[in-house]
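First the structure, in the form of structure tokens, and then the observations on it.
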Amino acid sequence: MLIYNDIVPNFVDIVLLSGYNVLVILCVEVSPMAEMISVREAAVRWNITERRVATLCKNGRIAGAKKQGNRWLIPADTQKPADQRLKTGAFRKTERAPKLPLPIGVSNYCLASSEYYYIDKTMMIKDFIDERPMVTLFTRPRRFGKTLNMDMLRTYFEKSDKDTSAYFRDKKIWACGQKYRDYQGKYPVIFLTFKDVKFDTWEEAFAAIRDIFAKETRRHKELLTSDKCDEYSKKTYAKLADGKVSEVELASALLDLSAMLHKHYAVAPIIIIDEYDTPIQQGYQKDYYDKVIRFMRNLFSGGFKDNQHLSFGFLTGILRVAKESIFSGMNNLSINSVLDNKYSAYFGFTADEVMEMAEYYGAADKYDEICQWYDGYRFGKTEIFNPWSVVNYFSNECEPRPFWVSTGSNDIIGEVLAQADEEIYNRLTSLVNGETFTTFIDTGVIYPQIKSNPSTIYSFLLVTGYLKALKTTPSFSGDFMCEVSLPNREISLVYNKEMFDAAGVAYPDENWTWDDLVSASEKIHAATGKYGYMAYADDQLGYWNFVYQAGGYILNDDKTQAGFTQPATEKAMKFYIGLQQNNWCPDQTYFAETAPGTAFFSEKGAMFLEGDWNILAELQNYPEMVGKWDVAVLPKCPDPESGDGRATISNGLCYATAASNKNLDTVKDILKFFGSEEGQRIQGESGAAIPAYQGLEDTWAGCFAEYPINIQCFIEMFEYSIQSVNNASRPEWKSKVNDELLKIYAGTEDIETGLQKMQDIVDQASAG
């Protein structure tokens, strides 16, 4: 029974009798219902988003809310539920002030902390001063705030003609007392960042590193005129500043420059090197790994090992690279990886920080969505959000996208997948399916191990931000056994993409042809063992589309004659039926037991055709799969007999009643309402079908606002849609045509004979 009490007068029930090709309306007296309002109406009344209202309904927060079909209905007299989320006094004070801009790509601490929305990470300074390790290495994934934090340390500790304490007086560190303030502005600092050293040859990379040293040397121009430095030191300074040093000379630059600063200031400097391993990763990918490793080993040995001219050292990177002896013999090195508790809250955003940020920007109702997309990292015991993605989410008007993955290369995953054996590939696939497993993690993993020891790939994926450690147990060697999972929806999308990339498969787009469909299916099957495109023997969701793309037809314009024997139709049918001959396409025996949608959502197949009327239900019925699939326009025929090769079969949703209905006048009014603009709007808002009125398609598309899906492609195909094939005699010929089609599939009838019989069946039925 299909009841539309929200649409029709309260004395009408609507019953669909599936055995008839009509909608029979029975009129009966029922009790009046309490007045109900839609999600949209509630959102307007309560001044919150429709998405938030729907979430409250789903979580049982709105008393009396009922779900009818795909729509929530809410008692009209229901009050807005109280916001149970934490709201600090600090936020309420901030909320009244003008909103600060978001610090997208801002890595300058002075600028970020004074002119942008800044999440205070200055307690990192306190933790360091309390512990005072000689040299500290922080390893974190890219875009997790390493450069900004290093610039914060530089600004806090560095001697400067400018009073830089102004950037800390309103921060947490300043409230910790004089003990910690005494460190502010007391040290010369050498600050180098290698984050942009990404070149194809060692010669280019070395030249870039030399220029970085030259700029940093020139920043300390006071050394040129220092009466504390001898002439030899000044000559060394001049060569470094001019960028006229050899590889051997540059390898000792940290030691030389720190010695000069120590002499001049009588205080040993702090050395900060940001993203130290970027040239190393690039060297591995571009085949100059050994050269860059040798240089870095010599550079760090002089700068950090037994350097009497060093107060403290800080390094950041993605990998530790310890096994390459870059830090050989450095018993003064403190390593803080993604598995360590120290400093765990300072890279990335914590839950409290994100909640406060969401409320500040008036998006508190989006917190659940932010969690789904960008939460899920765990550094030590601290739950962490991806900071780059969160900031960009707010900047993008709270539209979720995979922001982080587009900021840099995901070649590491591609490299990993290229080396993965079947067991590893299956494990990675299980992660995409929401499963977990326990594995050994070596935080000192190095790049060559990807090829020499494929089991290290989980270590790479964890430290680079593509895995999350749910549980961590130390092992004998000082490494760890970790239960791992995917962090969030953003990373899940990356894996899907990279798995396709590993198979050499591009995502479908408007340029795809039949040839691309076949090629992609072959590669997917070869790489994953899963089916590619699943071509089942359906008409509207199957071969009809291909026939019209090729320039053929099923019925001619006046619906009196079939077109199965037309050359274009035959061409399309041979292609579509022939797909089954490939090992990447199931046969019709398989489809007799398993629908293509079932195979797809159990991740046994990669592609199938689906109608817009099913999309919302599939998103709701398979919540664990949300974010793992998308939709695209149909591939076009590469060489059509006529037309441009594009076509898609469209259908309509219609309402009817029996002419003999005793309440015909009432029913006519109801049907009239169904066909009205308002009735079609309700249809669209329900997600049932795209309304027939131009301009109302957005009401249907709006049902998918909370889902990461390219729903617009359905609307884009309107311009080349073909009305579903039909004539008065179709009930007579439909099943007979399908029987002949199955004979062709089964190989009991050749395609030419089968198409001729299908032609005759339709023509005879239409003529009669």
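The values are calculated or read from the model by the stated rules, or taken from the named source; none is laboratory data. Every value quoted in this text rests on a predicted model; they were computed, and no experiment measured them. Here the Cβ is made from the backbone with ideal geometry for all residues, glycine too, and neighbour counts use every protein chain on show.
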Of these, G627, G611, which one is in contact with a Leu (Cβ under 8 Å, 6 or more places away or on another chain), surrounded by 19 or more Cβ atoms within 10 Å (Cβ to Cβ) and within 28 Å of T55 (Cβ to Cβ)? G627
Tally time: how many residues in region 548-562 are assigned to a loop (DSSP other than H, G, I, E, B) and at negative phi? 9
Could you grab the pairs with beta carbons closer than 9 Å, sequence gap of 6+ or different chains, first residue in region 593-610 and without any contact (Cβ under 8 Å) to a residue 24 or more places away in the chain and closer than 20 Å to D539 by Cβ, second one surrounded by fewer than 20 Cβ atoms within 10 Å (Cβ to Cβ) and among the hydroxyl-bearing types (S, T, Y)? T594/S602
Of the conditions (1) at pLDDT 90 or above; (2) among the β-branched types (V, I, T); (3) not in a loop (DSSP other than H, G, I, E, B), V494 fails just one. Which one is it? (1)
Could you look through region 388-406, keep only residues that are under 13 Å from E490 (Cα atoms) and either of a type in the set (F, W, Y) or exposed (fewer than 15 other Cβ atoms within 10 Å of the Cβ) (or both), and pick out the one that is modelled with the lowest pLDDT? S406
Of all residues in region 266-288, count the ones that are in contact (Cβ under 8 Å) with a residue 12 or more places away in the chain and over 22 Å from P133 (Cα atoms). 10
Considering every residue within region 692-700, establish whether at least one is part of a helix (DSSP H, G or I), among the hydroxyl-bearing types (S, T, Y) and farther than 18 Å from D539 by Cα. yes
Filtered residues of region 174-189 (kept if assigned to a strand (DSSP E or B) and aromatic (F, W, Y)): Y187
For the subset of region 524-554 comprising residues that are hydrophobic (A, V, I, L, M, F, W, C) and under 15 Å from N651 (Cβ atoms), which member is modelled with the lowest pLDDT? L541
Looking only at region 148-169, decide whether some residue is under 26 Å from K286 (Cβ atoms) and in a loop (DSSP other than H, G, I, E, B). no
Working carefully through the options K757, K672, K736, find the one that is more than 47 Å from the chain's Cα centre (by Cα), of a type in the set (K, R) and not in a loop (DSSP other than H, G, I, E, B). K757
